[in-house]
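Notes for the one structure printed next.
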Amino acid sequence: MDNYAIADNFALLSKLMDIHGENSFKAKSFASAAFTIEKLPAQLKETPRDQIFKIKGIGDSTGKAIVEMLDTQQFGLLDHYIQITPPGILEIMKIKGLGPKKIATIWKELEVESMGELLYACNENRLLLLKGFGQKTQDSVKQNIEFYLSNKHRFLFAEVAQTGNELEKQLKGIFDPAPVSTTGAFRRNAVIIDEIEFLIAATPESIQQQLSLLPGFKLTSAADHNAVWSYEEKYKIVTHACTVEAFPAQLFLTTGAAAFIDKFNAAGGNAAIDGAHSEEEIFSRADMAFIPPCLREGINEIEQARGRNLPSLIQPGDIKGIIHSHSQWSDGLYTLEEMAVAAQKQGFEYLVISDHSRSAFYANGLDADRVLAQQSQVDELNAKMAPFRIFKSIESDILNDGSLDYPDEILATFDLVIASVHSNLKMTEEKAMARLMKAIENPYTTILGHMTGRLLLSRNGYPVDHKAIIDACAANQVVIELNAHPRRLDIDWTWLHYAIEKNVLISIDPDAHSVEGFSDIYYGTLAAQKGGITRTNNLSSFTVDQLNAYLLERKKRKNLIS
């Protein structure tokens, strides 16, 4: 059991104790321990048991609970509270905007014990009868419930990638030598996955017989050559049956989005499908270059393929450095040196350290004195680690009026500035645009961070005019971040084509708060591929010398240096 799992258990226990009206001091002690554990640089499972009790923020009861989890993989106290809590209340805890105290009030006073009951109560204005609840609260709860329900049983690609790939390998072993492949949105590396699809060159009867024997599979419906399965009571699996001879054609037809297939047929490609021995042959017959599955969305890839000018898509290995990372100076898990050494060992040429700015008090943001102290450490590490380089940066909050978080004399000390919105996210488009445009026009803004503030399947971003923002970034030579965290992937890939058209650089950045976070570059790269990004369009594909030259030239153009 790793630190995150232990911290999650403590956080859940604290909330359940609050819901049940237990001693608030004891509940807070578990919440505090969860916060402490998330920030630990070392894994508790690798820490001697007696040393666990010496960690600041870990008391006797929390220490014993940690040892119990490490030794037994169980947590009896948490199990007890889960058993005495209705399952529907546990689900309601997932709704944003409802803390333990409000949930307890809803449960005890309205006798609501499920999500459906809560939504009905909102529709009947029953929350307005409760102390501490007003119209705005009720409206917010209703909106958040509807958002949650609409996204239930949907997954980030990163959450299902391993499952899909492992199942594909398993099915290939079962049906060998018949061909098997993932298909549909999963094969296109879609950002959100509703179902994992497989094409299998076997009869529907054979597929149903074989999959029914596999652990975790339960048939939910079947029609003609398709079947729908529940896997591990969590994932929706769809299987398509075909003959071996028809496999290439069916793989082509089931992979492409509807818009892609329509455009392909409209371009006269439908005659090229039947009887083809491979997807490559289908494109060749249609007088097109081969279109990778990730691009088959029906945007402009058909025209590019006919003109033989498809982009050479960026690959994970094209990323030369880590741009946008956090250390223990703000809210990262590792020291600056540990982050830099790890990046160097993984073959990267540089690290852009961009801890949070002073207004981000919740993330231990850096005031001016701490900025200068960190920059002094950067100088020391650069002298020791050359030719690897740490670039001095900051993730500056974009304040309510659109200004950045420091005066110009502090902003001038950074090699580059990432400007992001972190607070007051509930904005109208007019407010959001005014705030973002002012930040983009600030000469010190080098990169616009996670443009909409969205958290996929958790929070809609604030509304923006994407075209206007991209146009402004083009006019002000501001790079747009493609935040590679699987829950952000912001800017959305569908707008990358327009950014390319306007010659705006993209930067695939992991927003890494730990060494492990570097690996998110992979998912950012997959999203960038869907938008047609090449390594020349991407700032984090610049070598250390190229990035340094770019930043200096930009500062000269902005009259920030002579």
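As a length-normalised measure over Cα pairs under 8 Å and 6 or more apart, the relative contact order of region 3-150 settles at 20 percent.
Out of all DSSP beta bridges in the chain, what portion is antiparallel? Express it as a percent rounded to 5. Antiparallel bridges make up about 40 percent of those DSSP assigns within the chain. If the reach is capped at under 18 angstrom between alpha carbons, list the lysines near K431, excluding any in the same chain fewer than eight residues apart. Partners within reach: K467. Our Cα-only numbers for region 155-306 put the radius of gyration and Dmax at 15.6, 45 Å. The phi-based Karplus calculation (6.51 cos²θ - 1.76 cosθ + 1.60; θ = phi - 60°) puts the 3J(HN,Hα) values of region 275-282 at x, 5, 8, 6, 5, 4, 5, 4 Hz, whole numbers, x for Gly and Pro.
Which of the peptides 476-482, 456-462 is most tightly packed, and how do the rest follow, judged by the mean count of other Cβ atoms within 10 Å per residue?
On the way: 476-482: 23.9, 456-462: 17.3.
So the peptides 476-482, 456-462, ranked by packing, come out 476-482, 456-462.
Packing order of peptides 498-511, 420-433, 537-550, 519-532, highest average first: 519-532, 498-511, 537-550, 420-433 (average count of other Cβ atoms within 10 Å over each peptide's residues). Charges were assigned to the Cβ only: +1 to each Lys and Arg, -1 to each Asp and Glu. The resulting dipole of the chain about its Cα centre is roughly 900 debye. Straight-distance candidates among the aspartates and glutamates for linking to K556, with alpha-carbon spacing under 20 Å and chain neighbours fewer than 8 residues away dropped: D408, E409, D415, E441, D545.
Mean separation of Cα pairs under 8 Å and 6 or more residues apart, divided by the residue count, gives region 496-562 a relative contact order of 32 percent. Farthest towards the positive end of the charge dipole of region 155-306, among the residues Q209, A271, P179, is the Cα of Q209, using unit charges on the Cβ of Lys, Arg, Asp and Glu. Under the criterion of Cα pairs below 8 Å and six or more residues apart, the relative contact order for region 155-306 equals 19 percent.
Calculated [222 nm] ellipticity per residue, helices only, for the chain: -13000 deg cm²/dmol; basis is -39500 (n - 2.57) per DSSP H run with n ≥ 4, divided by all residues, nearest 500.
How far, in nm, would the chain grow between E109 and D401 when pulled straight, counting 0.36 nm per residue and subtracting the alpha carbon separation?
Net length gain for the segment: 100.9 nm.
Karplus-based coupling profile of region 245-260, in residue order and whole Hz: 5, 8, 4, x, 5, 5, 5, 4, 5, 8, 6, x, 5, 4, 5, 5, with θ = phi - 60° in 6.51 cos²θ - 1.76 cosθ + 1.60 and x standing for Gly or Pro. Among 377-387, 264-274, the peptide with the highest mean count of other Cβ atoms within 10 Å heads the list, and the full ranking is 264-274, 377-387. Net charge dipole, region 155-306: roughly 140 debye, given to the nearest 20, about the Cα centre with Cβ charges of +1 for Lys and Arg and -1 for Asp and Glu.
Extension gain for the segment K431 to S284, taken as residue separation times 0.36 nm less the Cα-Cα distance, is 47.9 nm to one decimal. Pairs from the table (K96/K142; K28/K96; K152/K234; K15/K96; K438/K558; K94/K152) lying more than 18 angstrom apart at Cα are K28/K96.
What is the extension gain from R459 to A373, computed as 0.36 nm multiplied by their sequence separation minus the C-alpha to C-alpha distance, in nm to one decimal? Write down the numbers at each step before the final one.
Working: separation 86, 0.36 × 86 = 30.96 nm, distance 3.54 nm.
Taking R459 through A373 to full extension adds about 27.4 nm, to one decimal.
Sorting the Cα pairs of the chain by distance into bins of 20 Å, from 0 upward, gives 18, 46, 33, 3 percent per bin.
Computed from point charges on the beta carbon alone (+1 for Lys and Arg, -1 for Asp and Glu), the dipole magnitude for region 419-562 about its Cα centre is near 280 Debye.
Please arrange S206, S376, S14 by how many other C-beta atoms lie within 10 Å of their C-beta, fewest to most. Before the final figure, lay out the partial values.
On the way: S206 14, S376 10, S14 22.
Fewest-to-most ranking of S206, S376, S14: S376, S206, S14.
For region 119-127, backbone phi angles converted through the Karplus equation (6.51, -1.76, 1.60; θ = phi - 60°) give residue-by-residue couplings of 5, 4, 4, 5, 5, 8, 6, 6, 5 Hz, Gly and Pro being listed as x.
None of the figures in this text is laboratory data; all of them are computed from the coordinates on show. Quick caveat, the model's predicted, so the values are computed rather than measured. Neighbour counts are summed over all protein chains in view; Cβ atoms, including those assigned to glycine, are modelled from backbone coordinates with ideal geometry.
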